[in-house]
Every structure is written in C-alpha cells, then in structure tokens.
Amino acid sequence: MGDLLSWVPATSPQTFVGYPSLFLLVALGSLVPVVPTGALVSSAAAVALHHQLPGLTLPLVFAVAALAAFAGDVLLYWLGLRGVRSDSGSRWLRRLRDRAAPDRLEAARRKLDERGVTVLVVSRLMPAGRIPVMLACLLAKMPLRDFVRGDAPASLAWAAAYLLIGITGGSLFPEPWQGALAAVALALAISAAPAGWRRVRDAGRRDTAS
C-alpha cells in the first residue's frame, strides 16, 4: 500500500487533489450524493497539514470546501424549487424524494417547524441528514434567499468539521499519504456510524418483538 500511494507528494495539496478539482468534486457531491465529499476534504486537509506552509494551505482547503458545498447545495435547492413550482415536477425533486425515507422526512419537517433555517446547520453535520431537511424546505416552499441564509453557516460548519478530522488523521502519521488514509478512514467511519447504529437498533427491536 505504501508503494502504491508513495506518489502522493508531500509538498503541496494542490498536486494531491488540486483546489479546482476539490471544488468540483465537493460541488458535484452536493448535487449527486455519491462522492464521499467529507472524506475528500479530510484527505486534502491531512496532506495540507504536512505542507511547509500549513497556515496557508489549510485555510485554503477550508475555504474551497465550504464554498463548493454551499454552491452545490444552492444549485440543488434551486433545481428542486423549479420542480415544486412545476405541475410535472422535475427529476431533481424526484431524486430528492427517492433519497429521503418517509420517517426521516417527517422528522425533518418537525425540526424545520421548530427551529427554522437553523436546522440546516445540524443537517449538514449529520450523515444522510442533509437531503431530508432540504426536501422539507422545498415542500414548505421556503424562498431561496432564506435557504441561502441558513445554508451558508451550515456549509462553513461542515467544512470545519471535516477539516478537523483531516488534521487529526494527518497528525497521527509522519507521511502525508498515511495521514490521508487515516483521515479518509476516520471520515468514512464517522459517516457510517449512524447507519450502523440504526441497523443494530432495528435488529434489536425485531428480536424483542419476536
């Protein structure tokens, strides 16, 4: 594994991910949630930590990640709004509906009623929490400007969280590629933990019922 990843340069995170590539991948992951954007940001932060000027590169990773997440969220919400306002809907709105379980959507609606746009911050930090809350905002026909106001701090908090995960992983090992792997593993584990806990809880409920 070390030989395979020894190409990862220790001099610049731009050559590992590239700030333009980081922006595009995070924005794409916001639009089509198949790219592990949190792990991507964490790996970039882990490599940036080993740069000779981490005080410059780490803030750049943070700024690019936050801006990309914000841009992707806003574009997805705008596309969803077009579907809400259209009689025939849109494929983007249908995709959001397909990705939001009914119980999670109902919970998101309640939280939106209770907390308003501030719930966007929590939803961005919770794995798989963003889409149900965004769909709840769409179904409530929240204006785009209100969504933007709530999503801006949410994107900043999300980027900061995964930046810290990357710094933690990167600080554990002397080589950038080792830190990047540790950061990716840590980010993926954190993202998968809630789903794993739900499966264990549901299995326990079924055993109790039987």
*Among the numbered conditions (1) over 18 Å from D151 (Cβ atoms); (2) open to solvent by 70 Å² or more (accessible area, probe 1.4 Å); (3) touching a helix residue (DSSP H, G or I) at 6+ places or on another chain (Cβ under 6 Å), tell me where S43 comes up short.*
(2)
*Scan L75, L56, L120 and give me the residue that is crowded, with 17+ Cβ neighbours inside 10 Å and either more than 19 Å from the chain's Cα centre (by Cα) or not aromatic (F, W, Y) (or both).*
L120
*Somewhere in region 131-144, is a residue out of contact with any helix residue (DSSP H, G or I) (no Cβ under 8 Å at 6 or more places or on another chain) and of a type outside the set (S, T, N, Q)?*
yes
*Is it the case that some residue within region 28-37 is in a helix (DSSP H, G or I), touching a residue at least 24 places away in the same chain (Cβ under 8 Å), hydrophobic (A, V, I, L, M, F, W, C) and closer than 30 Å to K141 by Cα?*
yes
*Taking region 123-160 on its own, how many of its residues are aliphatic (A, V, I, L, M), open to solvent by 40 Å² or more (accessible area, probe 1.4 Å) and at pLDDT 85 or above?*
5
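Just to be sure, is W177 open to solvent by less than 60 Å² (accessible area, probe 1.4 Å), modelled with pLDDT under 85 and part of a helix (DSSP H, G or I)?
yes
The values are calculated or read from the model by the stated rules, or taken from the named source; none is laboratory data. Bear in mind the structure is a predicted one, so any value in this text is a computation, not a measurement. We place every Cβ from the backbone using ideal geometry, glycine too, and count neighbours over all the protein chains shown. Calculation scope for accessible area: heavy atoms of the full protein, side chains included, ligands and nucleic acids excluded. Shrake-Rupley method; radii C 1.70, N 1.55, O 1.52, S 1.80 Å.
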